[in-house]
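Enquirer: I'd like to ask some things about the structure below.
The values are calculated or read from the model by the stated rules, or taken from the named source; none is laboratory data. Predicted model, so just to flag it, every value in this text is computed and none were measured. Every residue, glycine as well, gets a Cβ built from its backbone with ideal geometry; the counts of neighbours run over all protein chains shown.
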C-alpha cells in the first residue's frame, strides 16, 4: 500500500510544523496535487532542472525540498523562461513540490540540529527566538479500568511536558454519572438506566503545537462512546524554538583545524575563514543558509566562531574587528538535510507499513566552483 501525498506531507509536518516558519516564508505545497498515491518521494535541497530529471528517472510523484521554487505571486507563466520551463516539466510529469524551509530550520532534529550534531556540539541554546509554544491544560474523565491506557496514550502523543520534566499529570478519583439515551451503545451500562462509575479525572499539560494529535490519541484510547474532556488556556508558556544553534566543542580547537572539520562535516569543497588561524575556539554558533544578519546574535551569545553561509565582505570586516571568527561553508552546506530527512521520513513510512520510499537526491546543486 502506497501513502497518499497528503499523508506524506503530514509526516513531514510532524518533523517541521508549519507554524514554526518565520512570517511570510514560502512553505507548503507550491505546485501540483497531493491527491494521489506516492510511490517515491524525493528529498532535495533545491528544485533545479537536474533534480527534476532525477525525479523523473526515479518515477517520483513528490519532491520535498528546502528552498522554494515560487518566491512571489506569479503574474504570468511563460514556458520559454527558465522558471516557466521548470514548472512546465513538473506539471507534465505530474510531480508535486512541497517546501519545508525555516520551519525545518527551527524544528527539533531539523537543519540546524543536523549541522550542530555534525560538528559534535553540545547545544546550549539558539541564536534567535522564532516561536514559543502556548500551553493548555487537558482534563479528561476516564473509568478506572482504562486510566493507565488513556494517560500513556496522551504522553506518547506529546502531553505532560513541563520544562525538563515529562509525563506530568494530576489524577483525582471520583464518581461519574450518566444516563445513556435510547439508541446509544454505552461501554458501561444500558440505555435508559442512570449509571454511577468509578472514574479518574486526569489533568495534564498540552503544547498547542501538538494539541490535535494528543486529543485524537486520547479519544482513540478512551473506551467511552462520548468522552467528557476540557481544554483550558494557561498562563504558563512552553518551549521556545529558534533559528541557529549555539554549543560547545568537546575540546578546544585551533580555528584552522576547526575550519577543516567544518569542511569535512558538511562535505563542501572549500570554506572561507575570517580570523586568526591559531586562535582557540570553544563556543560555536551555527546557522544554515545565509547568516550575515546573525553576526551580532553570535557575538551576544558569546560564540568564538560563527559557522554560516553567504557572508559578505563588510560583515566579515565587522566580525573580525569585533573578535568573532567566521567559517563560511556556503549556503549549500544545508544539503546535509537530504539524507537525514529521507531517513526520518522512510522510518515513519515503514512504521505505517507503507510501500512508499523516500530517497535523498544525489544531485549536487552547489552553484560555486573553486578555481
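Enquirer: Given the condition in contact with a strand residue (DSSP E or B) (Cβ under 6 Å, 6 or more places away or on another chain), at pLDDT 95 or above and closer than 24 Å to residue 10 by Cα, answer yes or no: does some residue in region 157-177 qualify?
Expert: Checking region 157-177: at least one residue is in contact with a strand residue (DSSP E or B) (Cβ under 6 Å, 6 or more places away or on another chain), at pLDDT 95 or above and closer than 24 Å to residue 10 by Cα.
Enquirer: Right, something else. For region 152-181, what are the residues that are surrounded by 11 or more Cβ atoms within 10 Å (Cβ to Cβ) and in a loop (DSSP other than H, G, I, E, B)?
Expert: Of everything in region 152-181, those that are surrounded by 11 or more Cβ atoms within 10 Å (Cβ to Cβ) and in a loop (DSSP other than H, G, I, E, B) turn out to be 157, 158, 159, 160, 161, 166, 167, 168, 179, 180.
Enquirer: Those residues that are crowded, with 22+ Cβ neighbours inside 10 Å and either over 15 Å from residue 96 (Cβ atoms) or out of contact with any helix residue (DSSP H, G or I) (no Cβ under 9 Å at 6 or more places or on another chain) (or both), I need them from region 10-27; list them, please.
Expert: Selection gives 16, 20, 21.
Enquirer: To continue, here is another question. Which one of 285, 278 is at pLDDT 95 or above, more than 26 Å from residue 369 (Cβ to Cβ) and loosely packed, with under 14 Cβ neighbours inside 10 Å?
Expert: Values: 285 fails: loosely packed, with under 14 Cβ neighbours inside 10 Å.
After ruling out the rest, the residue left standing is 278.
Enquirer: Right, something else. Go through region 202-224 and report how many residues are surrounded by 18 or more Cβ atoms within 10 Å (Cβ to Cβ) and closer than 21 Å to residue 145 by Cα.
Expert: 9
Enquirer: Just for region 114-147: of the residues that are part of a helix (DSSP H, G or I), in contact with a strand residue (DSSP E or B) (Cβ under 7 Å, 6 or more places away or on another chain) and not assigned by TED's automatic domain parsing to the domain that holds residue 289, which one is surrounded by the most Cβ atoms within 10 Å (Cβ to Cβ)? If you could, list the steps in order and put the result at the bottom.
Expert: Here is the first cut: in region 114-147, the residues part of a helix (DSSP H, G or I) are 114-118, 144-147.
After this cut, where a residue has to be in contact with a strand residue (DSSP E or B) (Cβ under 7 Å, 6 or more places away or on another chain) as well, the list is 115-116, 144, 147.
Narrowing further to those that are not assigned by TED's automatic domain parsing to the domain that holds residue 289: 144, 147.
Numbers: 144: 11, 147: 17.
The qualifying residue surrounded by the most Cβ atoms within 10 Å (Cβ to Cβ) is 147.
Enquirer: Next question. Sort out for me the helices (runs of 4 or more DSSP H) sitting completely within region 252-371 that have 2 or more residues that are free of Cβ contacts under 8 Å to residues at least 12 places away in the same chain and within 30 Å of residue 1 (Cα to Cα). Quick ask: steps written out before the conclusion?
Expert: On the way: elements: 255-265, 295-300, 313-322, 336-351.
By residue number, 336-351.
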